[in-house]
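Participant: One structure, pasted below without further comment.
Read-outs: derived from the displayed coordinates by stated rules, not from any lab. What you see is a predicted model, and the numbers here were worked out from it, not measured in a lab. Glycine gets a Cβ as well: all are built from the backbone with ideal geometry, and neighbour counts include every protein chain shown.
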Amino acid sequence: MSHLTEASHTLVESTQEALPRFVPENLASEKILIIDNHGSMIALLKHMLYRGGATKLYEANNYLSAIRLIRENRFALIICDYDVQGPKEGGQSLLTDVRRQKLLPYSTLFIMLTSEDTVRMRHAALEEAPDDYLNKPIRAVDLISKITRMAKLRGYFKPVFEALDDRNERRAIQWLQQKLKSKPSAASEQHCRRLLGKALIDSALYREAEKHYRESVDKQYEISWATMGQGISNFFLGRLAQAKRCFASLLDKPILSLEAYDWLARIHCLEEDFDLAQYAMELAVSASPLSLHKQSLLGHIAFLNQQYGVAERAFRSILFGHHQAHYVDPKAYRDIVWGHQPNQREPEEDAAGSLHKLSRTLTQVIQRLPKHADLRIKAAIIQAEVFVQREETDLAHQMTDELLNFYSRLEFANQVADEVLIRIHFKRLGRDFHREYKALLERKATQAEEKAGTSLKVFEDSSQKLKQRLAAKQAINERQQSAQNKLRQSRQRRQIFEQQYEDAKREVMHDLQAEAKREVQKRMDVEPMDYWQWEIEIDKTFRWLMNNKLTAAIERRLTQKSQSMAAIGYLSLLPMPESELANKPLQQLLVEIIRAYQREQYETAFFSFLRAVKQVPPSCSIQLNLIQAGVSSCREGSIKEKQIYNICLLYIKPLLANQAQMEEIEKDRLNTLIQALRSIDSQLDLPKAAAE
């Protein structure tokens, strides 16, 4: 402590004369809160801010006093230490709670202070997305630059923040849309787009948000945040396959990958693949072991996966601050997500763990952190299921009732994100989550009506919002259910296709073996050879036939059997004409298409092919590849199946008239694609002779 105090006084003296007036006018007359355990650090920051022009400074040295001040005042700027002491012991918990309880206005700037500059500390400090963070010891120049930059943005977007604070998201959206139409500077446009996307998602306008983020991805500046927003929008729309692709493409981004792992884990839970969900959260925890949210989510998913030892270690890390995490291979997980390999992980020896030990750790977690929103929900769910396994059913249902009431107080976006895990919990208890939640909201609407009394407008607004939330949630549930059914059907079809392919492959290999023997027999009539030479020549010939004829022969065999959809998943793209490869922009686009197709991003490859086709004169091979990518998208259960199917029809009909000029491989591919399209829709109107 004495060392810190001495350093603080030294820094105060060094900045006594040189520190300029830096607090902008839009912050100088407003309230600023400093939260830190050490009085010397508070004194240093107050001195710097007073010298910079601030006039209303408040201080708090623990969690409880900080919460009280935030409840009683509206601050323009909060500077908070990451290790602030209190019942939750952490500035991260403080930021999470004030946001969940809606105590922090949108216009309030929040700067997090950290005591160490390490990767895990940076990840932990950015977990709840503060406006910025600073490393100790604080340098005046760093504080000046951050406050100046943030205050400038705050002033620029003041109408948006005021509208959001008034819960008038529509007004904020309209302001941002008008500002984008006025063509602001590049930096302002980027902030406008990010705020607009967040406002659309917070307003449950997911279709508009997905369209907005998709348009933002086409811009020239950094688009990682837009890809994240597009994935979140697709998740809420029930388009799980598209959402998974968006999140998987962000796994190599240092900060965004942590949030991407969270969403991928939720998708895996919806697919009831708890082991892969646990794999995702283990990777997130290994990158950010200080995160309470990630440790609690890992603990819950490991419990669903019946690996109580992993769950107990995750919750114990929250209690005792274990910073170390065992190594998990990120490349193997990415290969699994992209479909390049199946999940063949083996659980650790101590993964099963002890249910009694997990229950004891959970009791300590709930006692120590009774109001932590994110942690409280997950810990209570697991504790309730532990009571069920102990046959203490009454306690389990009592805890679940409290959990449902607490869940209703979360923001809508957080509700939808956490609903995946809560719905699984209710299902295991034999309860209907949606019916009970609807009943709870109806009771709250009745209570609001009684409380409103003669104020009919207050009741109507409250009732209307409840109805909108119910309608939005119902629509999301229907979309998610539809997406799950489509994914389930796609998996079943894929298993059938794989079996058909393997059967055809065995038949073709048998035929090639016989053909190799015939070829060698012909040579023996001209050039006699002994038995060993005969065997070697057969093996050589067979290998040559396998390398040169296997794929084409399998494709032809499956087409003859009217099983062309089984062939589509294994066909490589046809080679592109050299005339197209001479065009540099087109060449770059085609390289991206090939990579997308190899990663099984068939829908992305299809629409990229569509752009390529419009850039050059009609090319037979590119058009066939376009149709092949489209059929592959339909085979995998694309949401846009009807649209893709109609575009494929548009491009395949002109190819039928040019069959005579095609090469043999192109004719075979065309016949395969025609039959595959017929299997998608039996009403396809094509000449019968074309498929023969």
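Participant: Among M524, F542, Q560, whose Cα projects farthest towards the positive end of the dipole of region 495-565, with charges put on the beta-carbon of Lys, Arg (+1) and Asp, Glu (-1)?
Facilitator: Farthest towards the positive end: Q560.
Participant: I'm a student and want to see the number: the projected area of the Cα convex hull of region 251-431, averaged over all directions, in nm².
Facilitator: Result: 10.2 nm².
Participant: Would you grab the residues whose amide H sits under 5 Å from the one on L109? Only those 5+ places off in sequence or on another chain, please, with H modelled 1.01 Å from N.
Facilitator: Sorted by chain and number, the residues that satisfy this are L77, I78.
Participant: Taking the highest mean first, how do the peptides 382-392, 239-249 order by number of other beta carbon atoms within 10 angstrom per residue?
Facilitator: Working: 382-392: 17.4, 239-249: 22.9.
So the order, starting with the most tightly packed, is 239-249, 382-392.
Participant: Here's something else I'd like to know. When ranked by the protection proxy of mean other Cβ atoms within 10 Å per residue, highest first, what sequence do the peptides 539-552, 598-611, 225-238 form?
Facilitator: Listed from highest to lowest mean packing, they are 225-238, 598-611, 539-552.
Participant: Given the pairs K56/K179; K438/K640; K198/K642; K444/K473; K31/K158, which span a C-alpha to C-alpha distance of over 21 angstrom in this model?
Facilitator: Exceeds cut-off: K56/K179; K438/K640; K198/K642.
Participant: ³J(HN,Hα) across region 565-573 via Karplus (A = 6.51, B = -1.76, C = 1.60, θ = phi - 60°), whole Hz, x for Gly/Pro?
Facilitator: The phi angles translate into 5, 5, 7, 4, x, 10, 7, 7, 5 Hz.
Participant: Further question on the same structure: Within region 251-431, how many Lys pairs sit with Cα atoms under 29 Å apart, leaving out pairs fewer than 8 places apart on the same chain?
Facilitator: Counting lysine pairs in region 251-431 gives 14.
Participant: Within a Cβ distance under 11 Å of A552, other residues only, what is the Lys/Arg minus Asp/Glu net charge? Each step should come with its number before you reach the end.
Facilitator: Values: positive: K549, R556, R557, R669; negative: E555, E664, D668.
Residues close to A552 contribute a combined charge of +1.
Participant: With each label point set 7 Å from Cα along the Cα-Cβ vector, what nm distance links A471 and N135?
Facilitator: Taking the simple label geometry, A471 and N135 are separated by 5.2 nm.
Participant: Take each of the peptides 425-438, 283-296, 33-46, average the number of other beta-carbon atoms within 10 Å over its residues, and list them starting from the highest.
Facilitator: 283-296, 33-46, 425-438
Participant: How long is region 495-565 along each principal axis, judged by its Cα atoms, biggest number first, in Å?
Facilitator: Largest first, region 495-565 extends 46, 18, 15 Å along its Cα principal axes.
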